[in-house]
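Read through the structure below, which is laid out as structure tokens, and then see the notes.
The values are calculated or read from the model by the stated rules, or taken from the named source; none is laboratory data. If you're wondering where the values come from, they're calculated on a predicted model, not measured in any experiment. Because the Cβ atoms are built from the backbone with ideal geometry, glycine has one as well, and the counts that use them run over all protein chains shown. For the accessible areas, the whole protein counts, side chains as well, though only heavy atoms, and no ligand, DNA or RNA atoms are used. Shrake-Rupley method; radii C 1.70, N 1.55, O 1.52, S 1.80 Å.
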Amino acid sequence: MPKQILMCPPTYFDIEYEINVWMHQENQPAQESAQDQWDKLYKIYTQQLGWNVQLIDPVRGLPDMVFATDCCLMINGRALLSSFRYPQRQPETDHFEAWLTSHGYRELKQAKNYFEGGGDNLLCGQKILAGYGFRSAPEAAQELQEFFDLEVVPLKIIDPRFYHLDTSLAVLSDDTVASYLPALDADSQARLKAAIPNVIEATLEEAQGFGLNAVSDGQTVITSSESESLLQKYRDAGFSVIGTPILEFRKSGGGVKCLTLDLEH
């Protein structure tokens, strides 16, 4: 079955505020380049891979809506909706909830604690890797466990450059992840290695190219083309790799995974 995903066009994507260390209002994304990079990713999904990509209408004044993965974590048709830490992003949740409801999704619940959806929470097999520290609260792990009835592996993020878990950790298959481990504290690194059989380690340089902000169907990894050495690590682990330029979105702290909400898991 082809993958089902949701994306938001970058019509209003720019940097209107600064809420992570990548964002600088004096360093605006080039709109044509950002649109071109988004279009390339959309075509990879639809034309190369044959995935079903649905679109949500962007909203003026919500430039980070383009990062659709942050709106919720969806597993088996159930979605825990985000409670964004920063007021600038909080209105996004209502728009995504309205889209999901209009498309037949009924089991929706908004988190009570700070919780930033697929940005901080990644499903690996039957375990949820739950990042916290900069955006999501540690208490969100209990909400995840109760809502999805799955094991939750809490991971504390300590490097502000990797404020969301999906910037320093990629789920490649049910038993394999790639990670820039120093983005996590020592206890979290140990928990990750105990929970997941195969951990591919990335360097700081590879992580800064946003090659860990990746989407995978278990066979093919789609990610930033910036770091060839990281792409080769994926190939050496047995994955097909599609690299694509994405660095206009890095100016706002995002990449391939950020732009992609998985609707099926």
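Read through the list (1) farther than 20 Å from L144 by Cα; (2) of a type in the set (S, T, Y); (3) touching a Ser or Thr at 6+ places or on another chain (Cβ under 8 Å), then give the number of the only condition that T93 fails.
Of the numbered conditions (1) farther than 20 Å from L144 by Cα; (2) of a type in the set (S, T, Y); (3) touching a Ser or Thr at 6+ places or on another chain (Cβ under 8 Å), the odd one out for T93 is (1).
Matching residues to (1) of a type in the set (D, E); (2) closer than 25 Å to G77 by Cβ; (3) touching a residue at least 60 places away in the same chain (Cβ under 8 Å):
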| residue | (1), (2), (3) |
| --- | --- |
| K127 | no, yes, yes |
| G131 | no, yes, no |
| S136 | no, yes, no |
| L155 | no, no, no |
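Name, by its number, the condition in (1) among the polar types (S, T, N, Q); (2) free of Cβ contacts under 8 Å to residues at least 12 places away in the same chain; (3) touching a helix residue (DSSP H, G or I) at 6+ places or on another chain (Cβ under 9 Å) that does not hold for Q25.
(3)
Looking at the stretch 121-157 only, could you name the residues that are within 17 Å of S83 (Cα to Cα), open to solvent by 20 Å² or more (accessible area, probe 1.4 Å) and in a strand (DSSP E or B)?
Within the stretch 121-157, Y132 is the sole residue that qualifies.
Quick one: is Y105 open to solvent by 10 Å² or more (accessible area, probe 1.4 Å), out of contact with any Gly (no Cβ under 9 Å at 6 or more places or on another chain) and either aromatic (F, W, Y) or modelled with pLDDT of 95 or more (or both)?
Values: open to solvent by 10 Å² or more (accessible area, probe 1.4 Å): yes; out of contact with any Gly (no Cβ under 9 Å at 6 or more places or on another chain): no; either aromatic (F, W, Y) or modelled with pLDDT of 95 or more (or both): yes.
Spelling it out, it is not the case that Y105 is open to solvent by 10 Å² or more (accessible area, probe 1.4 Å), out of contact with any Gly (no Cβ under 9 Å at 6 or more places or on another chain) and either aromatic (F, W, Y) or modelled with pLDDT of 95 or more (or both).
Restricting to the stretch 25-44, name every residue that is more than 10 Å from E248 (Cα to Cα) and hydroxyl-bearing (S, T, Y).
Within the stretch 25-44, Y42 is the sole residue that qualifies.
Restricting attention to the stretch 163-178, report how many residues are touching a residue at least 60 places away in the same chain (Cβ under 8 Å), in contact with a Ser or Thr (Cβ under 7 Å, 6 or more places away or on another chain) and in a loop (DSSP other than H, G, I, E, B).
The number of residues fulfilling the criteria is 0.
Failed condition for S33, given (1) surrounded by fewer than 18 Cβ atoms within 10 Å (Cβ to Cβ); (2) hydroxyl-bearing (S, T, Y); (3) free of Cβ contacts under 8 Å to residues at least 60 places away in the same chain; (4) in contact with an Asp or Glu (Cβ under 7 Å, 6 or more places away or on another chain), with all others met?
Of everything listed in (1) surrounded by fewer than 18 Cβ atoms within 10 Å (Cβ to Cβ); (2) hydroxyl-bearing (S, T, Y); (3) free of Cβ contacts under 8 Å to residues at least 60 places away in the same chain; (4) in contact with an Asp or Glu (Cβ under 7 Å, 6 or more places away or on another chain), S33 misses just condition (3).
Out of the residues in the stretch 188-207 that are open to solvent by 60 Å² or more (accessible area, probe 1.4 Å) and among the polar types (S, T, N, Q), which is nearest to E226 (Cα to Cα)?
Only one residue fits best here, namely T203.
Identify the residue in the stretch 208-243 that is under 21 Å from G131 (Cα atoms) and in contact with an Asp or Glu (Cβ under 9 Å, 6 or more places away or on another chain) and, among all such residues, is surrounded by the fewest Cβ atoms within 10 Å (Cβ to Cβ).
That would be Q208.
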